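Notes to accompany the following structure.
The values are calculated or read from the model by the stated rules, or taken from the named source; none is laboratory data. These figures come from a predicted structure and were not determined experimentally. Note: ideal-geometry Cβ built from the backbone for every residue, glycine included; neighbour counts use all protein chains shown. What goes into the accessible areas is simple: the full protein's heavy atoms, side chains included, and nothing from ligands, DNA or RNA. Shrake-Rupley method; radii C 1.70, N 1.55, O 1.52, S 1.80 Å.
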Amino acid sequence: MIAIAPSLLAADFLRLGEEVRAAEAAGADRLHLDIMDGRFVPNISFGPEVVAAVRRATALPLEAHLMIEEPDRYVQAFVEAGATTVQVHVENTPHLHRTVELIKGLGARAGVVLNPATPAEAAGEILLEVDMVLAMTVNPGYGGQRFITATLGKIRRLATLIAAHHPACELEVDGGIDPDTAPLAVAAGARVLVAGTSVFRAPGGIAAGLAALARAAGRAADPAP
Ligand code: DX5
Ligand code: ZN
């Protein structure tokens, strides 16, 4: 079963509540919230207050993808805002084990994120401790970028590592996922697809974008009643 996590970065922020409800009604499995600080990545997005507002608008699980320096300082704020999963990058988290324990100790699911140039093995020693591994398929910082095909080998290696050591751990991909690239990522072993532009900016609207993605990913669209 493939899960789809629409990324709110591509939503219309002026109508965020409606966009969230439309994604939920169209069958989104969870929502992906990109937190950017203008330091770890060049762009700035939004913080815990916006996550809390989204929490009030939906019952879907919320994953907070922290693209920020010193993520430990903010983990608690995002969990209190309603994030069900907190995802931290291995590249800027020197005491990754401690950070993962912090996330889980607050009752949230923990995910680790790998940039395109970071090898699969960087997740190896923390794999048993985490609920998900997120492989970036673009360089983080912006929505609407092109899928980096060279990441497919790493997705396959991560899938093999996960199957061997922690099959319950989810493997997610993020960046440039659309009906053309989703099947490639799924064939490589991804089971959760983050998608911003191809859902929220789909020419036919959110429901059509999500359905096209689900079809392409080989999963029947599952709209809420
Ligand atoms: C990139 C973010 C992604 C982004 C995906 O830094 O982590 O979640 O919103 O957007 P699309 O699907 O447009 O590539
Ligand atoms: Zn993201």
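Observations
- Any hit, the range 180-197, residues being on the phi > 0 side of the Ramachandran plot and more than 18 Å from the chain's Cα centre (by Cα): no
- Selection from the range 82-119 of residues that are of a type in the set (D, E, K, R) and within 16 Å of ligand 1 (Cβ to nearest atom): E91
- Taken over the range 69-119, the residue count meeting the criterion of being hydroxyl-bearing (S, T, Y) and either part of a loop (DSSP other than H, G, I, E, B) or open to solvent by 40 Å² or more (accessible area, probe 1.4 Å) (or both) is 4.
- Restricting attention to the range 12-48, the residues that are more than 13 Å from ligand 2 (Cβ to nearest atom), part of a loop (DSSP other than H, G, I, E, B) and in contact with a helix residue (DSSP H, G or I) (Cβ under 7 Å, 6 or more places away or on another chain) add up to 4.
- Count of the range 120-172 residues which are acidic (D, E) and either within 16 Å of ligand 1 (Cβ to nearest atom) or open to solvent by 70 Å² or more (accessible area, probe 1.4 Å) (or both): 4
- Filter pass, I206 being more than 14 Å from the chain's Cα centre (by Cα), among the β-branched types (V, I, T) and within 16 Å of ligand 1 (Cβ to nearest atom): yes
Table: residues versus (1) part of a helix (DSSP H, G or I); (2) within 14 Å of ligand 2 (Cβ to nearest atom); (3) at pLDDT 95 or above.
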position: K154; (1), (2), (3): yes, no, yes
position: L158; (1), (2), (3): yes, no, yes
position: A163; (1), (2), (3): yes, no, yes
position: G176; (1), (2), (3): no, yes, yes
position: S198; (1), (2), (3): yes, yes, yes
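- Boolean, L184 is part of a helix (DSSP H, G or I), within 15 Å of ligand 1 (Cβ to nearest atom), modelled with pLDDT of 95 or more and open to solvent by 30 Å² or more (accessible area, probe 1.4 Å): yes
For (1) over 18 Å from the mean Cα position of the chain (by Cα); (2) on the phi > 0 side of the Ramachandran plot; (3) within 16 Å of ligand 2 (Cβ to nearest atom), each residue gets a yes or a no:
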| residue | (1), (2), (3) |
| --- | --- |
| E80 | yes, no, no |
| E91 | no, no, yes |
| P94 | yes, no, no |
| V100 | no, no, no |
| L106 | yes, no, no |
| G111 | no, no, yes |
| L128 | yes, no, no |
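- Scanning the range 35-49 for residues that are without any contact (Cβ under 8 Å) to a residue 40 or more places away in the chain, within 14 Å of ligand 1 (Cβ to nearest atom) and crowded, with 16+ Cβ neighbours inside 10 Å yields a count of 3.
- For A214, the conditions (1) open to solvent by less than 10 Å² (accessible area, probe 1.4 Å); (2) within 14 Å of ligand 2 (Cβ to nearest atom) all hold with the exception of (2).
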